[in-house]
Amino acid sequence: MSVSGGPQLDVRKPLVLCISGMAGTGKSTLSKKVAARYNLKCYSGGDALKELAREAGCAVTGEGWWESPEGLSFLERRVHDSQFDRTVDDKLLGYAKLGDVLLDSWTMPWLLEYGFKIWLMASFDKRVARVAERDKMTFKEAFSVLKKKEAQTKAIYRELYGFCLDEDFAPFNFILDTDNLTADEVFEVLCRVIDNTVCGCPQV
């Protein structure tokens with residue numbers, strides 16, 4: 001785990017937490033737990049994109065949908081039509097202005113000039129293993145799906161905003177390697193960091 005050389009927290013701004021990380025790092029589940037712990041409203045960029053996909057006629061299901069054939073097909077549409085992503089990002093930027101929010105998003109750490117930004121890191125093989133277990137895939141199937149999905153996702157954001165997802169960590173205040181941590185341990189570490197750095201209420 002490490003505190004990065006990212007931007008300094010400006011306590012005069014509305015309280016905004018951003019949690020980001022690639023598939024298999026547990027960011028979505030963790031975001032909901034952290035938001036509940038600190039009484040923050042939680043907004044997910046992935047969930048907002050799913051809603052747009054549903055409106056566009058996709059059969060959207062629950063966790064693991066992005067790795068499904070339907071999810072990958074919608075991802076292909078996003079590659080050729082940036083309006084889906086721009087619509088979601090505009091919504092999230094609006095929520096951030098209200099304050100007291102947690103944003104589960106790949107883009108907000110780069111698009112927001114304020115907030116406390118956390119990146120969850122894990123090796124590709126570890127993430128593949130987690131996705132395979134979650135979605136009842138073989139390791140080989142999950143490996144192939146994640147490779148394709150992440151290459152296209154990175155291309156979308158590079159084209160739209162010019163940043164390199166999972167390569168450029170400059171915006172982040174805190175980076176946590178989750179490879180050898182349980183979900184509960186990750187939650188505990190983040191709560192301690194938030195208490196000490198964001199809330200100014202160090203745990204004893």
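The values are calculated or read from the model by the stated rules, or taken from the named source; none is laboratory data. Nothing here was measured: the structure is a model prediction, and the numbers come from that model. Here Cβ is always computed from backbone atoms with ideal geometry, including for glycine, and neighbour counts include all displayed protein chains.
Worth pointing out:
- The set of residues in the stretch 154-168 being of a type in the set (D, E, K, R), in contact (Cβ under 8 Å) with a residue 60 or more places away in the chain and in a helix (DSSP H, G or I) consists of Glu159 alone.
- Filter result for the condition that a residue is part of a helix (DSSP H, G or I) and over 15 Å from the mean Cα position of the chain (by Cα), over Gly46, Gly71: Gly71
- Once the stretch 17-43 is narrowed to residues that are buried (at least 18 other Cβ atoms within 10 Å of the Cβ) and of a type in the set (Val, Ile, Thr), the residue that is farthest from the chain's Cα centre (by Cα) is Val34.
- Selection from the stretch 52-68 of residues that are part of a helix (DSSP H, G or I) and surrounded by 13 or more Cβ atoms within 10 Å (Cβ to Cβ): Leu52, Ala53, Trp65, Trp66, Glu67
- Out of Ala151, Ala96, Ala129, sole residue that is hydrophobic (A, V, I, L, M, F, W, C) and either in a loop (DSSP other than H, G, I, E, B) or touching a strand residue (DSSP E or B) at 6+ places or on another chain (Cβ under 8 Å) (or both): Ala96
Every residue, every condition in (1) within 14 Å of Cys18 (Cβ to Cβ); (2) in contact (Cβ under 8 Å) with a residue 60 or more places away in the chain, yes or no:
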position	(1), (2)
Glu70	no, no
Arg78	no, yes
Leu93	yes, no
Ser123	no, no
Lys126	no, yes
Val145	no, yes
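- Filtered residue count, the stretch 118-136, keeping only those that are farther than 20 Å from Leu49 by Cβ and either surrounded by fewer than 18 Cβ atoms within 10 Å (Cβ to Cβ) or of a type in the set (D, E, K, R) (or both): 8
Every residue, every condition in (1) at pLDDT below 95; (2) under 30 Å from Phe84 (Cα atoms), yes or no:
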residue: Leu103; (1), (2): no, yes
residue: Trp110; (1), (2): no, yes
residue: Val145; (1), (2): yes, yes
residue: Lys149; (1), (2): yes, yes
residue: Asn180; (1), (2): yes, no
residue: Val198; (1), (2): yes, no
residue: Pro202; (1), (2): yes, no
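- Residue check for Pro171: in contact with a Pro (Cβ under 6 Å, 6 or more places away or on another chain), assigned to a helix (DSSP H, G or I) and crowded, with 18+ Cβ neighbours inside 10 Å: no
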